[in-house]
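Encoded as C-alpha cells, the structure appears first; notes follow it.
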Amino acid sequence: MLKYLSANYILPISSMPIKDGIVAVDEEGVIQGIFDPTSFAPMDNGQVEKYKGVIIPGFINAHCHIELSHMKGIVAKGTGLPSFLSKVMTTRSASMKKIDEAMAKADREMYENGIVAVGDHANTDNSSKLKDDSKILYHTFVEVIGIEPDEADFKLKEAKSLIQEFRNGHVSITPHAPYSCSKVLFKKFKKVVPETNIISIHNQESEEENKLFRYKMGEFLDFYKSIGKNADTIKAQARNSIQSYLPYLPYPNKLLLVHNTYTSLKDFDFVERMGRDVTWCLCPKANLYIEGTLPKIQNFLNSGQRIVIGTDSLASNDTLSILDELKVLHAHFEDLDFLQTIQWATINGAIALNIQDEFGSLEVGKKPGVVLLQGMEHMRLTDDVKVKRLA
Ligand SMILES: [Zn+2]
C-alpha cells in the first residue's frame, strides 16, 4: 500500500515547486510518484494525508564528528580554534558506555531532525557499530593527522587499517586539516588514495591558519608547543593555507572543504585556476561557537560556488540539525533565498557524498526521506519553522 503525502507545497528540488502537490511513497520509503493536484489519480485505494507546510526530501548533514557527541557543552564558547582543539584533545576521553550513549542519542536526534545522510569524520572505530545499525546513511571520513614529517607513513598505515572497520562501502581517508598534516604527509596521501576517495578537509576555519601558512606566526605555533610537536619543518609560504596545500591533493578526487570562514575572493580564483571540483561546506553554528563569526556568504554567492551544510560535532554545537543551521544563515543574511539554501541542505550534499542516486531530491525511484517543514510563511524560513519526518 502506498502512502500519499500532500502539503501546501512540495519541493522536489530537482524540479519546480508544486502547489498542493502529492508524493506517493511505498512501505520501503521509495518514491513511486509525484503529482500535481489537477492530474492526480491514486494508484491504489490509499488515502491522501494532508499537511500544512512544505514537503522536502531529507536533509544531508555534510559534516559531523559523531564520536565527539559526549563532549556537548564541555568546551567554552568563543575561545578561537587553536584553544578549542587543545581542549578537545585533552578532554575527549570518556568511558565507552558514555560515548556509546551520546552517539546513539545524537543519531536519534539527527533522524528526528529529518537528516537522512551524514558525512562523518572519525579518528577511531567507536562509531562503526552504530553506523551499521542506523537508519541514517553515514559516509565516514577517516582522518589522517601528522604534524611531523616522520609520522607520515605510520599515520597513513593506521588510517588504511581503520577504514576496514566501516563496512557499508561509504568510507574514505582524508587529511584532517592543513595545519595538522605535514607537506610530506600530503604528498604521500596523494600517492596512496584512488580517484574515488572523496576528500573532506577542514579549511580556513580560523585566521590563525592563514597566519601560520603566510608568515609562520600566531597561535598555532603555541598549540604545537603545547602538544609537544616540532614545527621546525613548517615554512612561511607568503600565501593563504588553501593556496599552499591544494596542489598536493589528489586529482580529480571530489573535494569537500569544510568551514571556509576565512576564505577570500583570491582563494576562489586560485581554486578555479587549479580546475578543481570543490564543494564548500558551511557549519555556521560551529563557527559562531568557536570563532564567533561567519563566512562571507555573499562572496560565495557572487562567485557561484557550490555550497553544502554541516553541523560539525556536539563539541561545538548544541544541536545536530540542518534546519537550525539554515535558520542561522537566514537570520544573519536576510537576502538569502530559501529555494536556493534548501538545495545546499539536500541535493548538493548528496552530490558531494556521491549518493545522489538515492538521496537529495524527491524523484521516482529514489529513497530520499520525506520531511515536512511546518510554520513556513511564503517560503520564508523563520525561527518558528519546525521539522517533522513523514517517511
Ligand atoms: Zn569538523
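The values are calculated or read from the model by the stated rules, or taken from the named source; none is laboratory data. This structure is a prediction, so every number in the text was calculated from the model and none was measured. Note: ideal-geometry Cβ built from the backbone for every residue, glycine included; neighbour counts use all protein chains shown. The accessibility values were calculated without ligands, DNA or RNA, using every heavy atom of the protein model including side chains. Shrake-Rupley method; radii C 1.70, N 1.55, O 1.52, S 1.80 Å.
What tally of residues in the range 16-31 results from selecting those that are touching a residue at least 60 places away in the same chain (Cβ under 8 Å) and of a type outside the set (D, E, K, R)? Steps first, please.
If we filter the range 16-31 for residues that are touching a residue at least 60 places away in the same chain (Cβ under 8 Å), which is where we start, we get 17, 23, 25, 28-31.
Now restrict to residues that are of a type outside the set (D, E, K, R): 17, 23, 25, 29-31.
Within the range 16-31, residues that are touching a residue at least 60 places away in the same chain (Cβ under 8 Å) and of a type outside the set (D, E, K, R) number 6.
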Tabulated pairs, the range 308-326, first closer than 18 Å to A122 by Cα, second within 10 Å of the ligand (Cβ to nearest atom) and hydroxyl-bearing (S, T, Y), C-beta under 8 angstrom, 6+ apart or interchain: N317/T311; L320/T311
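Scanning the range 286-298 for residues that are in a helix (DSSP H, G or I) and open to solvent by less than 30 Å² (accessible area, probe 1.4 Å), which turns out nearest to the ligand (Cβ to nearest atom)?
The selected residue is A286.
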Candidate set from the range 87-110 (those that are surrounded by fewer than 17 Cβ atoms within 10 Å (Cβ to Cβ), touching a residue at least 12 places away in the same chain (Cβ under 8 Å) and small (G, A, S)); member that is nearest to the ligand (Cβ to nearest atom): A94
All positions within the range 345-391 that are under 21 Å from V328 (Cα atoms) and in a helix (DSSP H, G or I): I347, N348, G349
Residue among K296, K327, K285 that is under 20 Å from K105 (Cβ atoms) and basic (K, R): K285
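Hey, which of the strands (runs of 3 or more DSSP E) in the range 9-85, taking only ones fully inside, have at least 3 residues that are open to solvent by 10 Å² or more (accessible area, probe 1.4 Å) and outside the structural domain of N126 (by TED's automatic domain parsing)? Before you say what the answer is, go through the steps one by one.
Values: elements: 22-25, 31-35, 48-57, 59-64.
Once the strands (runs of 3 or more DSSP E) in the range 9-85 are filtered for at least 3 residues that are open to solvent by 10 Å² or more (accessible area, probe 1.4 Å) and outside the structural domain of N126 (by TED's automatic domain parsing), what remains is 31-35, 48-57.
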Of the criteria (1) more than 21 Å from H176 (Cβ to Cβ); (2) touching a strand residue (DSSP E or B) at 6+ places or on another chain (Cβ under 7 Å), which one L282 fails: (1)
Every residue from the range 299-327 that is among the hydroxyl-bearing types (S, T, Y) and crowded, with 22+ Cβ neighbours inside 10 Å: T311, S313, S316
For S128: the one exception among (1) surrounded by 18 or more Cβ atoms within 10 Å (Cβ to Cβ); (2) in the same structural domain as K367 (by TED's automatic domain parsing): (2)
Single residue of L314, L326, L320 found to be closer than 15 Å to L288 by Cα, within 15 Å of the chain's Cα centre (by Cα) and outside any loop (DSSP other than H, G, I, E, B): L326
When residues of the range 267-285 are limited to those that are in a helix (DSSP H, G or I) and more than 14 Å from the ligand (Cβ to nearest atom), the one surrounded by the fewest Cβ atoms within 10 Å (Cβ to Cβ): R273
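Scanning the range 147-195 for residues that are acidic (D, E) and free of Cβ contacts under 8 Å to residues at least 60 places away in the same chain, which turns out least open to solvent (accessible area, probe 1.4 Å)? Quick ask: steps written out before the conclusion?
As a first pass, look at the range 147-195 and keep what is acidic (D, E): 148, 150-151, 153, 158, 165, 195.
Checking which are free of Cβ contacts under 8 Å to residues at least 60 places away in the same chain leaves us with 150-151, 153, 158, 165, 195.
Numbers: D150: 145, E151: 33, D153: 93, E158: 88, E165: 67, E195: 128 Å².
It comes out as E151.
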